[in-house]
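Participant: Sending over a structure as structure tokens; questions will come in a sec.
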Amino acid sequence: MEEKYLTKEEKELIAMLQWTIKFLRNFPAKHPSDIELIPKMIAHYETVEELTFSFAKMREEFLLKMKADKYYLKDIYHDIYCIACNHPASLKSTGQSRNKYKINFLNFTCPKCGATFSFGIGVTVKDTLKNMERVLNDFKDTEYPQKDLEEMRESYEELKASEERIDKANRKCLADHMKKAAFVTAFLAKLTIQKYKFLTNNKTIGES
Ligand SMILES: [Zn+2]
């Protein structure tokens, strides 16, 4: 199992679980209740150990996917045309810039004339939405063809709704990961107290 995904607290819990399992395996059990209890405890702690690794891996994969989803516009080809020479091309971004409205845009470089330009495509979907919002506001009640604006508003509303669904799903996943982190904290505290108890009373595992 890979340890690189583990938080400091998860590493502490793994170390504590391994200590506890080793202690129980070496414990010279005499009471019948201990002889029955110890293998169950070991099995339980081994499960918690596996779960801790799998939670950490799931969290890492979720965070990586969330980041990749956020910046996917940087990694795909966009069918656009050069602002300077009108040359049409399917291009990947060659960098990014920020405009006076603090919106981050992808930059593209024309393969024909070498001009660098942005095409109103944000670095993230949220940047794209911010830009669309600004354009819709600026051109409202102007000479600009209102039919085109209406189409843009429809695309904007669809994109915004999809982004909100993604945000909601991500918030739910993050909340689940917070619950798992709380479990790690509580379990570590429980085992820390138990370790102290084991070291103080080395005759029995149970309460007797
Ligand atoms: Zn060009």
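Nothing in this text is a laboratory measurement; each read-out follows from the coordinates by a stated rule. On a predicted model such as this, the values are computed, not experimentally measured, just so you know. Reconstructed Cβ throughout: ideal geometry from the backbone, glycine too, with neighbour counts over all protein chains shown.
Participant: Considering the options S33, T94, L63, tell which one lies farthest towards the positive end of the dipole of the chain, charges being +1 on Lys and Arg and -1 on Asp and Glu at the Cβ, about the Cα centre.
Facilitator: Among S33, T94, L63, the one farthest towards the positive end of the dipole of the chain is S33.
Participant: Might you report the magnitude of the Cβ-based charge dipole of the chain about its Cα centre, with Lys and Arg at +1 and Asp and Glu at -1, to the nearest 20 debye?
Facilitator: 920
Participant: In addition: Summing Lys, Arg as +1 and Asp, Glu as -1, what charge do residues with Cβ under 12 Å from the Cβ of I166 carry, I166 excluded?
Facilitator: So the surrounding residues net to +4.
Participant: If one computes the Cα centroid of the stretch 41-60 and of the stretch 13-36, what distance in Å separates the two points?
Facilitator: If we compute the Cα centre of each part, the gap is 18 Å.
Participant: Contact order normalised by length for the chain, with contacts defined as Cα pairs under 8 Å and 6 or more residues apart; what percent is it?
Facilitator: 20
Participant: Starting from the Cα of K100, draw a straight line to each of the aspartates and glutamates and keep only those under 16 Å, dropping any in the same chain fewer than 8 residues away.
Facilitator: D127, E133, D138
Participant: Given a cut-off of 19 Å, name the pairs among K70/K160; K57/K92; K57/K160; K30/K190 whose C-alpha atoms lie farther apart than that in the structure shown.
Facilitator: K57/K92; K57/K160; K30/K190, as the Cα separations exceed 19 Å there.
Participant: Quick one: which residues, 5+ away or cross-chain, put their amide H under 5 Å from the amide H of F119? H built at 1.01 Å from N.
Facilitator: Residues meeting the criterion, in which the H sits 1.01 Å from N, are L106.
Participant: Taking the Cα atoms only, what angle lies between the long axis of helix 8-26 and the longest principal axis of the chain, rounded to 10 degrees?
Facilitator: Around 20 degrees separate the two axes.
Participant: Quick one: Debye curve from the alpha-carbon atoms of the chain only, equal weights, vacuum; give me log10 I(q)/I(0) at q = 0.08, 0.10, 0.19 Å⁻¹ to two decimals.
Facilitator: Evaluating at q = 0.08, 0.10, 0.19 Å⁻¹ gives log10 I(q)/I(0) of -0.53, -0.66, -1.29.
Participant: With unit charges on the beta carbons (Lys and Arg positive, Asp and Glu negative) and the dipole taken about the Cα centre of the stretch 1-116, which residue among H44, I83, T109 sits farthest to the positive side?
Facilitator: Among H44, I83, T109, the one farthest towards the positive end of the dipole of the stretch 1-116 is I83.
Participant: Using only DSSP helix segments of four residues or longer, with each worth -39500 (n - 2.57), what per-residue ellipticity at 222 nm results for the chain after dividing by its residue count and rounding to 500?
Facilitator: -22500 deg cm²/dmol
Participant: Highest mean first, what order results for 82-92, 11-21 on Cβ atoms within 10 Å?
Facilitator: So the order, starting with the most tightly packed, is 11-21, 82-92.
Participant: Would you please put 162-172, 129-139 in order of how densely packed they are, using the mean number of other Cβ atoms within 10 angstrom per residue and starting with the highest?
Facilitator: Per-residue mean Cβ counts within 10 Å order the peptides as 129-139, 162-172.
Participant: L64 versus H177, label points 7 Å from Cα toward the beta carbon: distance in nm?
Facilitator: 1.3
Participant: Select from F119, L149, L159 the residue farthest towards the positive end of the dipole of the stretch 110-164; place +1 on Cβ of Lys and Arg, -1 on Cβ of Asp and Glu, and compute about the Cα centre.
Facilitator: Farthest along the dipole direction, towards plus: F119.
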